[in-house]
Amino acid sequence: MTLDLSRVSRTAILVVLLLLVAVGCAGPAASAEQPAMVDACRPPVKGFAVTTDGDGKPLPKATTAPATGADPHTLTGPATATLTDHAIHPVASTAQPKLPVDVKSCDGKQVQVKDASRIIAVDLYGTLAEIVFSLGLGDKVVGRDTSTGFPEAAHLPKVTPSAHDLNAEAILSLDPTVVLTDKSIGPPEVIDQLRASGVPVIFFSDARTMDGMPSQIRAVAGALGVPERGEELVKRTSAEITSALALAPTGGLGHQRMPLRMTFLYIRGTAGVYLMSGPGSGADAMIKAIGGIDTGTDIGLDKSFVPLTSEALIRAQPEVIIVMTEGLKSVKGVDGLLKLPGLGQTPAGQHRRIIDMNDTELLGFGPRTGRTVAALAKAVYTP
């Protein structure tokens with residue numbers, strides 16, 4: 001029997017080609033993992049840091065009794081709320097980023113994050129950058145906004161050279177692989193320019209509340225491919241806030257009296273900006289956390305911030321005025337603030353009860369919020 005070698009060769013080649021096609025079609029497609037999907041607009045955890053932890057489970061009763069002292073309704077004079085520790089402490093988790101990740105951005109776009117080696121995180125309060133650093137990714141951040149004021153970011157170049165306005169050229173010069181932001185900062189044209197240049201831009205919720213904090217942390221962690229670190233950070237932040245809430249008295253430091261009435265004012269005297277806070281401002285949540293009554297909510301304001309009027313101040317009758325430190329400086333200190341119409345006709349004005357706190361810390365609602373609550377409670381109740 002004689003073999004036809006040419007036919008064998010042709011047959012062998014055909015078999016090999018068929019096998020290669022089968023492997024090419026079935027092999028990689030069957031083993032490749034689909035990118036994870038993350039929602040940047042996760043709903044808030046109702047009652048977080050007030051009655052529940054980051055998972056919605058009831059918090060244990062605080063065992064630390066508030067410090068006793070003078071009736072807070074009789075205290076006089078100004079005070080500054082200062083964090084005992086300004087530093088960012090990254091979570092201990094060493095989980096590595098798992099990318100790519102598909103993200104549903106809060107502006108309705110779907111964005112894919114393939115590379116988190118060069119991050120820019122920008123918003124009005126510095127919250128997003130604080131979360132990124134606390135997740136242990138601070139060494140990947142290449143630029144910052146004006147509000148990112150913690151020590152670990154001080155060396156980074158600013159991408160908001162003019163107040164809080166983003167500069168497209170400044171951002172693109174840093175060659176970012178992903179930009180995290182929200183609608184609290186702009187202008188929109190800059191975001192359009194970044195996306196047109198091929199930079200993935202993700203919008204997160206711009207709400208700054210206690211309830212929204214765990215969702216915000218989880219969303220940022222998920223978008224950067226480190227969801228495990230996000231869970232660790234939520235757990236730690238919840239524990240710190242629980243401890244801080246023990247400092248918020250009920251009934252006024254042991255005195256059987258009503259809680260203090262507090263008003264937050266957003267002041268920029270050099271720019272002629274004078275606003276009174278209301279529900280949804282973030283200040284209302286902070287005031288509630290330290291056991292006070294937010295007067296803006298109490299008198300029926302329907303917006304987070306409204307132009308300040310003497311009528312509103314007199315109607316609110318705050319016993320404590322809370323302002324940002326730079327805002328207080330912009331009106332030349334407490335004496336300048338007390339010249340605002342109507343303030344002298346309130347208990348806060350009459351007793352000079354003005355509490356100021358660092359602009360980048362007061363309303364950030366980031367991982368350092370427990371320390372912020374503790375510092376504010378101390379300044380209000382035991383100055």
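What the table shows:
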{"read-out": "Selected residue (criterion: surrounded by the most Cβ atoms within 10 Å (Cβ to Cβ)) from residues of the range 154-176 that are in a helix (DSSP H, G or I) and free of Cβ contacts under 8 Å to residues at least 40 places away in the same chain", "value": "Ala168"}
{"read-out": "Count of residues meeting criterion [closer than 20 Å to Thr372 by Cβ, outside any loop (DSSP other than H, G, I, E, B) and not polar (S, T, N, Q)] in the range 257-301", "value": "15"}
{"read-out": "Residue within the range 181-200 that is touching a residue at least 60 places away in the same chain (Cβ under 8 Å) and of a type in the set (A, V, I, L, M) present", "value": "yes"}
{"read-out": "Residue match in the range 83-98 (condition: closer than 21 Å to Met324 by Cα, surrounded by fewer than 19 Cβ atoms within 10 Å (Cβ to Cβ) and of a type in the set (Ser, Thr, Tyr))", "value": "yes"}
{"read-out": "Exclusive hit being β-branched (Val, Ile, Thr), within 25 Å of Asp85 (Cβ to Cβ) and in contact with a Pro (Cβ under 8 Å, 6 or more places away or on another chain), set Ile290, Ile217", "value": "Ile217"}
{"read-out": "Restricting the range 242-301 to residues that are hydroxyl-bearing (Ser, Thr, Tyr) and modelled with pLDDT under 95, the residue that is surrounded by the fewest Cβ atoms within 10 Å (Cβ to Cβ)", "value": "Thr250"}
{"read-out": "Qualifying helices (runs of 4 or more DSSP H) (wholly inside the range 341-382; at least 2 residues being under 23 Å from the mean Cα position of the chain (by Cα) and charged (D, E, K, R))", "value": "359-362, 369-381"}
{"read-out": "Residues that are touching a Lys or Arg at 6+ places or on another chain (Cβ under 9 Å) and of a type in the set (S, T, N, Q), drawn from the range 133-148", "value": "Ser134, Thr146, Thr148"}
{"read-out": "Only one of Glu326, Glu311 that is free of Cβ contacts under 8 Å to residues at least 60 places away in the same chain, surrounded by fewer than 18 Cβ atoms within 10 Å (Cβ to Cβ) and under 21 Å from Thr84 (Cα atoms)", "value": "Glu326"}
{"read-out": "Subset of the range 101-141 [in a loop (DSSP other than H, G, I, E, B) and without any contact (Cβ under 8 Å) to a residue 12 or more places away in the chain]", "value": "Gly108"}
{"read-out": "Criterion: over 19 Å from the mean Cα position of the chain (by Cα) and either not assigned by TED's automatic domain parsing to the domain that holds Ile119 or not in a helix (DSSP H, G or I) (or both) - qualifying residue of Val179, Val199", "value": "Val199"}
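The values are calculated or read from the model by the stated rules, or taken from the named source; none is laboratory data. As the structure is a prediction and not an experimental result, all values here were calculated from the model. Neighbour counts are summed over all protein chains in view; Cβ atoms, including those assigned to glycine, are modelled from backbone coordinates with ideal geometry.
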